[in-house]
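Enquirer: My questions will all concern the structure given below.
The values are calculated or read from the model by the stated rules, or taken from the named source; none is laboratory data. Nothing here was measured: the structure is a model prediction, and the numbers come from that model. For neighbour counting, all protein chains shown are included, and Cβ atoms are generated from backbone atoms with ideal geometry for every residue, glycine included. These area figures cover heavy atoms from the full protein model, side chains too; ligands, DNA and RNA do not enter into them. Shrake-Rupley method; radii C 1.70, N 1.55, O 1.52, S 1.80 Å.
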Amino acid sequence: MLPEPGVFHFPWEISSVQEGAAVRTYGRLLSYQPEASEAVLSSQHLSVQYDITVHTAFVEPFLPLLHSHYIVLGDVERTEGDGVMVRARVLNCVDGINLALLQQAIMEQRHYLQERDGEAPVQPTAE
């Protein structure tokens, strides 16, 4: 049986995703510890830095490029110390990506999926 497709979540939303859910997210590679098979992706939103721990055992060996942008597809796991970790199934370097355009594409995809599934997208009301 194939795993569920990963739904795009912004790095600041990962902590609210339920355990075991398949997710896609992105961030800049802040650090990599090959002996622990752990990488840390970092992203900023509204002047707050969000760090995501990524377990890399399933995607090793890979050539880490520190401070480059990566997109990760994996499953969310709860950990005692860090809170949330993504167990990576795919880890792609996407250095040079336009993050503003990626964020806009994620929002458009969400809007489309809500319309397709018959859910009413949240629209601001004009008073």
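Enquirer: Quick one: pull the percent of accessible area on the chain belonging to carbon and sulfur, 1.4 Å probe, ligands and nucleic acids left out.
Expert: Its accessible area is 53 percent carbon and sulfur atoms.
Enquirer: How far apart, in nm, are two points set 7 Å out from the Cα along the Cα-to-Cβ line at Ala105 and at Ser31?
Expert: Rounded to a tenth, the inter-label distance reads 3.1 nm.
Enquirer: Further, regarding this structure: Using modelled backbone amide H atoms (1.01 Å from N, in-plane), which distant-in-sequence or interchain residues come within less than 5 Å of Ser68's amide H?
Expert: So Ser68 has HN proximity to Leu29.
Enquirer: Right, next: Using only Cα atoms, find the angle between the long axis of helix 99-116 and the longest principal axis of the chain, and express it within 0 to 90 degrees, rounded to the nearest 10.
Expert: The two axes meet at around 50 degrees.
Enquirer: Continuing with this model, one more query. As a check on your grasp of the helix formula, calculate [θ] at 222 nm for the chain: sum -39500 (n - 2.57) over DSSP H runs of n ≥ 4, divide by the residue count, round to the nearest 500.
Expert: -5000 deg cm²/dmol
Enquirer: Then there's this: So how strong a dipole does region 8-127 carry about its Cα centre when Lys and Arg Cβ are +1 and Asp and Glu Cβ are -1, to the nearest 20 debye?
Expert: In total the dipole reaches around 260 debye.
Enquirer: Then there is this: Considering the alpha-carbon set of the chain alone, what are its Rg and its Dmax in angstrom?
Expert: 15.6, 58
Enquirer: How much accessible area per residue does the chain have, counting only protein heavy atoms and a probe of 1.4 Å, in square angstrom?
Expert: Per residue, the chain has 64 Å² of solvent-accessible surface.
Enquirer: How much length is gained if the chain between Glu38 and Asn92 is pulled fully straight, taking 0.36 nm per residue apart and subtracting their Cα-Cα distance, in nm to one decimal?
Expert: 17.9 nm
Enquirer: Give the shape of region 1-55 as rounded, prolate or oblate, defined through the alpha-carbon gyration tensor: a ≥ b ≥ c are the square roots of its eigenvalues, a/c under 1.5 means rounded, and otherwise the shape is prolate if a/b is larger than b/c and oblate if not.
Expert: oblate
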